[in-house]
Amino acid sequence: MNLSMLNPQQQAAVRHDQGPLLLLAGAGSGKTRVITSRIAYLVGERGVPPDRILAVTFTNKAAREMQERVTEEVGRKRAKGMVVATFHALCVRMLKEDIERLGYKKNFSIYATADQARLVRDLMQQLQVDGKKFDAERLLWIISDAKNRLVPPERFIPRDRDEYSTLAAELYPRYQKALKAFNAVDFDDLIMLVVRLLQEFPEVREKYQERFRYLMVDEYQDTNAAQYLLLKLLAGKHRNLCVVGDDDQSIYGWRGADLGNILDFEKDFSGAAVIRLEQNYRSTGNILAAANAVIRNNKKRKDKALWTSGEPGRRIEYLRCEDEEDEARLVMERIHAERFKHNLAYRDFAILYRTNVQSRAFEEQLRYENIPYVLIGGQQFFDRKEVKDAIAYLRVLVNPRDEVNLLRILNYPKRGIGETSADRLIRHSAELNRPLWEVLADAAGVNDLGDKTVEAVTGFVTLLERYRKSFARTRDLAHTARELFAEIKLEDEIYRGTDDPVKARRRADNVEEVVNAMASYQEREEKPTLAGFLDKVSLLDRDQPNRDGKEKKLQQDAVVLMSLHSSKGLEFPVVFMVGMEEEYLPHKKSIEESFDIEEERRLCYVGITRARNHLLLLNAAARKKYGKPQPRVPSRFLEEIPAELLDRKTGDTPPITGEPEQEKMATNFFANMKAMLEE
Ligand code: ATP
Ligand code: MG
């Protein structure tokens, strides 16, 4: 273990191996590097058994990188058994061991947004609330917020005269009850239930306190109240909790992250050592100066300034474009020019934006120019309808009580169980207070069901029972899944669902992709199970840049497109921050609904500090809305960057309409090429 690669403060942090430690430092100062070095040090120098170490991060990608780095340093054998995971993955692991104590079964389903929304809509219907009047996701948001603050249904107090909050108060207890009846949990439950386990069962708490003697948490600034309590409980005995974070990069306040966790750490963990890092190893001087200048405008922060011993580097380019197409084209020209001039690979470029819809124009242009790219986030693969349908079958096979998914497939592909029959079955199950699955299995006992329907239901149940057995017996899950999808004629149903054969083909391919994902899962895993596969799929959700397929693509040579939120912790030689306009950054919501402008500024800071060598800021003078150009105002954050750091490439607002497309493109290209070569 060679500590000489680290600066004195980093070394101190690595050597501090007993008691609470807070490492508070700005972007690119080597916080993540301290965590990996610290793990290597504990295992390599202090002889700590790796299975006593737990490291928590926010994305799967970060978790994997961490695992790889440590493995490199201490060797594969010694790294085995160490747990490096996201909060959610960690909690799934813990629940698999102990959830039965809370009255759930081990084969629980994990509900992500779409399943949750469906459940909420069903509940609204039961309450005879007009489903069109209320947005299910907004209701879920309120419930989720309560859960993140650890407020249980019985203590939820609705906001006065707020009809959403009032309805949420009615839904919340019903929602929790239904989840439990379906043997399902949502993402917030993952954390909440583990907290309950640790609080209510001393033997469980002790087990984990012993198992995880050394805890490390990256991106600590983004933990919420529930996650914080979880850490506090886990570290309660040995108090070997090392957290690293940057209050200036807290960007999940909207999801309940509590900056107080980092600001109060010293109070909550008495005797905590605090180490600060101020040297930045990532970015050039100019980029760093811009980042410092922007973040300085926030009032709520611990004052700190980053410095670098490196060169000032190039000035930051500010490109004011005509409209979204122009913006996309300029980015392409830049990629071509920079690649050529500085001998870069495609993967050295990242295009960062505030909202996922902004990616469209760039994707089109990248495709048009034949530039390889990878899109992170956006419409998630596993959120697509055909994929969800296929997965729903698998979920029900694992957990037949999963009613949301059971209803999704009951008559899909069509098998003659119409809506009226489905309603009768549901009502019957509610009246008898029996799980729907049991009612289906005993369909002959339900009144008013026609013989044909009974036959259809029985056929459905038999089919699933048969596949449940096959999946339990086989090691080749992918093969069995392919058989199942063929037997239910999923592909035919997909083709019937649309007139567009190209679309249908793509959808059918997506189902095939699910089977492929399963095949690569079973290759990787020692003991592959259907339930294990589904857990993996669930955890890949949530705007994390890390599906396996994506991960592979990232390693290939491709330009990266992603939101500012998902770029956290990453670095790229060249970064384009696009849409630097009011209403994008800061986001419209934060302006109108008086959300935190400071959080938007932190997001801007995160974006700037992703760049190593060159940063380009772009915005458009106008963007089309319903086909008409609407003028746009440059982001206020641009004004916070000292003018001498900026290199304005285009003059004042150009006219909205102008020369023909082709010509304009050529002019821009050569103008920019020329500017580049003159530099
Ligand atoms: P962020 O806040 O963005 O997550 P961070 O503080 O976690 O950043 P790292 O990602 O750990 O920073 O490090 C940033 C870059 O600096 C990496 O490329 C890392 O390898 C490099 N680095 C860190 N410490 C040193 C050091 N002592 N000497 C040289 N390079 C270093
Ligand atoms: Mg980091």
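The values are calculated or read from the model by the stated rules, or taken from the named source; none is laboratory data. All figures in this text were calculated on a predicted structure; none of them were measured in a lab. Cβ atoms come from the backbone with ideal geometry, glycine included; neighbour counts cover every protein chain shown.
Every residue, every condition in (1) closer than 15 Å to A392 by Cβ; (2) in contact with a Phe, Trp or Tyr (Cβ under 8 Å, 6 or more places away or on another chain), yes or no:
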| residue | (1), (2) |
| --- | --- |
| T480 | no, yes |
| V514 | yes, no |
| S520 | no, no |
| L530 | yes, yes |
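Any idea which of L229, L233 is touching a Lys or Arg at 6+ places or on another chain (Cβ under 8 Å) and either of a type in the set (S, T, N, Q) or farther than 26 Å from A114 by Cα (or both)?
From the options L229, L233, the qualifying one is L233.
Are there strands (runs of 3 or more DSSP E) fully within the range 16-112 with at least 1 residues that are within 13 Å of ligand 2 (Cβ to nearest atom) and within 27 Å of F381 (Cβ to Cβ)? List them.
53-57
Could you tell me whether I417 is of a type outside the set (G, A, S) and touching a residue at least 40 places away in the same chain (Cβ under 8 Å)?
Yes; evaluated as a whole, the condition is true for this residue.
Out of the residues in the range 617-651 meeting the condition of being at pLDDT below 95 and of a type in the set (S, T, N, Q), tell me which one is farthest from P586 (Cα to Cα).
Ranking the candidates gives T650 first.
Among the listed residues D160, D122, D115, identify the single one that is of a type outside the set (A, V, I, L, M, F, W, C), over 22 Å from K589 (Cβ atoms) and part of a loop (DSSP other than H, G, I, E, B).
Only one candidate qualifies: D160.
Conditions: (1) more than 12 Å from ligand 1 (Cβ to nearest atom); (2) within 22 Å of the chain's Cα centre (by Cα). E219 meets all but one. Number of the miss?
Result: E219 passes all but (1).
Those residues that are in contact with a strand residue (DSSP E or B) (Cβ under 8 Å, 6 or more places away or on another chain) and among the aliphatic types (A, V, I, L, M), I need them from the range 63-92; list them, please.
A63, M66, V70, M82, V83, V84, A85, L90, V92
Would you please name the residue that is farthest from ligand 1 (Cβ to nearest atom), looking only at residues in the range 34-48 that are buried (at least 23 other Cβ atoms within 10 Å of the Cβ), among the β-branched types (V, I, T) and touching a residue at least 40 places away in the same chain (Cβ under 8 Å)?
Residue satisfying both the conditions and the ranking: I39.
So, D247, is that one more than 30 Å from V204 (Cα to Cα) and either under 29 Å from the mean Cα position of the chain (by Cα) or modelled with pLDDT of 95 or more (or both) or not?
Spelling it out, D247 is indeed more than 30 Å from V204 (Cα to Cα) and either under 29 Å from the mean Cα position of the chain (by Cα) or modelled with pLDDT of 95 or more (or both).
Could you tell me how many of the residues in the range 296-311 are small (G, A, S) and within 13 Å of ligand 1 (Cβ to nearest atom)?
Residues in the range 296-311 being small (G, A, S) and within 13 Å of ligand 1 (Cβ to nearest atom): 2 in total.
To keep it simple, each residue is scored yes or no on (1) of a type in the set (A, V, I, L, M); (2) within 28 Å of R623 (Cβ to Cβ).
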{"position": "Y318", "(1), (2)": "no, yes"}
{"position": "M332", "(1), (2)": "yes, yes"}
{"position": "A345", "(1), (2)": "yes, no"}
{"position": "E363", "(1), (2)": "no, yes"}
{"position": "Y368", "(1), (2)": "no, yes"}
{"position": "I371", "(1), (2)": "yes, yes"}
{"position": "L375", "(1), (2)": "yes, yes"}
{"position": "P400", "(1), (2)": "no, no"}
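List the pairs whose first member sits in the range 464-479 and is of a type in the set (D, E, K, R), whose second member is at pLDDT 95 or above and in a helix (DSSP H, G or I), and whose Cβ atoms are under 6 Å apart, counting only residues at least 6 apart or on separate chains?
Going by the 6 Å Cβ cut-off, the qualifying pairs are R468/L397.
Being farther than 19 Å from Y214 by Cα and assigned to a helix (DSSP H, G or I) is the filter; apply it to the range 1-10 and report the residue that is farthest from ligand 2 (Cβ to nearest atom).
Step by step, filter the range 1-10, then rank; the result is S4.
So is M562 in contact (Cβ under 8 Å) with a residue 24 or more places away in the chain and away from ligand 1 (no atom under 15 Å from the Cβ) or not?
Against the criterion (in contact (Cβ under 8 Å) with a residue 24 or more places away in the chain and away from ligand 1 (no atom under 15 Å from the Cβ)), M562 does not qualify.
Residues A390, A350: which one is of a type outside the set (D, E) and assigned to a helix (DSSP H, G or I)?
Answer to the selection: A390.
Residue pairs, Cβ under 9 Å, 6 or more apart or interchain, first in the range 159-176 and among the charged types (D, E, K, R), second exposed (fewer than 15 other Cβ atoms within 10 Å of the Cβ) and assigned to a helix (DSSP H, G or I). List them.
R159/T166; D160/T166; R174/Q126
Could you list all residues from the range 264-295 that are away from ligand 1 (no atom under 12 Å from the Cβ), at pLDDT below 95 and surrounded by fewer than 17 Cβ atoms within 10 Å (Cβ to Cβ)?
D264, E266, K267, D268, S270, G271, A273, V274, listed by residue number.
Let's see how each residue does on (1) farther than 11 Å from L22 by Cα; (2) within 28 Å of the chain's Cα centre (by Cα):
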| residue | (1), (2) |
| --- | --- |
| K267 | yes, no |
| A273 | no, no |
| N280 | yes, yes |
| S283 | yes, yes |
| A289 | yes, no |
| N298 | yes, yes |
| A305 | yes, no |
| E311 | yes, no |
| R314 | yes, no |
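Taking the range 577-616 as the region of interest, how many residues are basic (K, R), modelled with pLDDT of 95 or more and more than 16 Å from ligand 2 (Cβ to nearest atom)?
1
Checking the structure you have, find out if any residue of the range 468-487 is in a helix (DSSP H, G or I), more than 24 Å from E525 (Cβ to Cβ) and of a type in the set (D, E, K, R).
Yes, because at least one residue in the range 468-487 is in a helix (DSSP H, G or I), more than 24 Å from E525 (Cβ to Cβ) and of a type in the set (D, E, K, R).
Check V404, V457, V439 and return the single one that is touching an Asp or Glu at 6+ places or on another chain (Cβ under 6 Å) and either at pLDDT 90 or above or within 27 Å of K177 (Cα to Cα) (or both).
Answer to the selection: V404.
Taking the conditions exactly as written (more than 10 Å from ligand 1 (Cβ to nearest atom), surrounded by 16 or more Cβ atoms within 10 Å (Cβ to Cβ) and not acidic (D, E)), does A25 satisfy them or not?
Here the answer is no, as A25 does not meet what is asked.
Please identify the pairs in which a residue from the range 279-302 that is aliphatic (A, V, I, L, M) has its Cβ atom under 7 Å from the Cβ atom of a residue that is in a loop (DSSP other than H, G, I, E, B) and away from ligand 1 (no atom under 12 Å from the Cβ), counting only partners at least 6 apart or on another chain.
Once the first residue is aliphatic (A, V, I, L, M) and sits in the range 279-302, its partners that are in a loop (DSSP other than H, G, I, E, B) and away from ligand 1 (no atom under 12 Å from the Cβ) give I287/G313; A290/I641; A293/E640; A293/I641; A293/P642; V294/E640; V294/I641.
Only one of (1) under 27 Å from I426 (Cβ atoms); (2) within 24 Å of the chain's Cα centre (by Cα) is not met by N148, so which one is it?
Only one criterion is unmet by N148, namely (1).
I'd like the full set of residues that are within 16 Å of ligand 1 (Cβ to nearest atom) and surrounded by fewer than 18 Cβ atoms within 10 Å (Cβ to Cβ), limited to the range 10-22.
Once the filter is applied, which keeps residues that are within 16 Å of ligand 1 (Cβ to nearest atom) and surrounded by fewer than 18 Cβ atoms within 10 Å (Cβ to Cβ), the range 10-22 yields Q11, A12, R15.
For the range 219-324, which fully contained helices (runs of 4 or more DSSP H) count at least 2 residues that are over 26 Å from S563 (Cα atoms)?
Where helices (runs of 4 or more DSSP H) fall fully within the range 219-324 and carry at least 2 residues being over 26 Å from S563 (Cα atoms), they are 225-234, 265-268.
Restricting to the range 220-252, and then to whatever is aromatic (F, W, Y) and within 16 Å of ligand 2 (Cβ to nearest atom), can you tell me which residue is surrounded by the fewest Cβ atoms within 10 Å (Cβ to Cβ)?
Only one residue fits best here, namely Y252.
Need pairs with beta-carbon distance below 8 Å; first residue buried (at least 18 other Cβ atoms within 10 Å of the Cβ) and within the range 64-76, second part of a loop (DSSP other than H, G, I, E, B) and modelled with pLDDT of 85 or more; sequence gap 6+ or separate chains.
Listed pairs, sorted by first residue: M66/D218; Q67/M82; V70/M82.
If A13 satisfies every condition in (1) modelled with pLDDT of 95 or more; (2) part of a strand (DSSP E or B); (3) within 16 Å of ligand 2 (Cβ to nearest atom) but one, which is the exception?
(2)
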